[in-house]
Amino acid sequence: ERYALEQARLIRRAADASEDPEVELRLVSAAYDILRNYEQRDPHAWVTQRELAGLSLRLGLLGQDERMPEAAARYTVVAQLMEAYPFIQSEVATAFIKIGDPQSALVYSTRAIGGEASTSGLSDAWWARGSALMELGQPDEAMEAFETAIKRNTRGTYAQWSHLARATILEAAGD
């Protein structure tokens, strides 16, 4: 597993550095294929499952829309395999926002937040919760979640995204 993971990660890093979308797509596909082949040998390897979930989501975001149901199914498996880890549940919630499933994002962000006391503040879980609530038409609850995301990590990426989301909500309300 370690060899397959390292090989896929190296290829994924090359994809991250590519400025050509076609090259990026080919490299991400190659990394996916490497892990998919390993998965046939050990379908219960949770790190491989987690990486495959991320790669299938990335392929979906790169235009292969048919990958989104696979990404959702893979992230659901990852969430089940790693139910005791709030940071994994938070990662899954964030992925479901990107997939376009706010209901699932809300479920997994709530699960992550429930275990937050045993970890450092999960600003990404709070951001995912706020995003899900915003998409589900609950702006007041979303504002609270975004405020909490900002408090958890005032200088992080999710704080920036939360400020932007709060501004969007306030603008929609005419403020």
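The values are calculated or read from the model by the stated rules, or taken from the named source; none is laboratory data. Since we're looking at a predicted model, the values are computed, not measured. Cβ: placed from backbone, ideal geometry, glycine included. Neighbour counts: every protein chain shown. Ligands, DNA and RNA are stripped out before the accessible areas are found, and what is left, the full protein with its side chains, is counted by its heavy atoms. Shrake-Rupley method; radii C 1.70, N 1.55, O 1.52, S 1.80 Å.
What to note about this one:
- Option label - log10 I(q)/I(0) by the Debye sum over Cα atoms at q = 0.10, 0.15, 0.17 Å⁻¹ computed here, alternatives (i) -0.54, -0.99, -1.12; (ii) -0.42, -0.89, -1.06; (iii) -0.35, -0.80, -1.04: (ii)
- Protein-only accessible surface at a 1.4 angstrom probe places the residues W126, W161 in the order W161, W126, largest first.
- Taking segment 5-117 and dividing mean pair separation by its residue count, relative contact order in percent (alpha carbons under 8 Å, at least six apart): 17
- Split the accessible area of segment 118-162 by element, probe 1.4 Å, and carbon with sulfur accounts for 42%.
- Max mean-square fluctuation residue, GNM over the chain, Cα-Cα springs under 10 Å, options D101, D16, D33: D16
- Folded to 0 to 90 degrees: helix 46-61 orientation relative to the chain principal axis, Cα: 70
- Among the GluC sites (Glu not before Pro) in segment 51-151, those placed in a DSSP loop whose Cβ has at most 14 other Cβ atoms within 10 Å are E83.
- Solvent exposure of segment 14-140 amounts to 48 Å² per residue of accessible area, where only protein heavy atoms count and the probe is 1.4 Å.
- Computed from Cα atoms, the angle from the helix 123-135 axis to the main principal axis of the chain rounds to 70 degrees.
- Within segment 1-80, the ratio Rg/Rh, alpha carbon atoms throughout and Rh by Kirkwood, equals 0.96.
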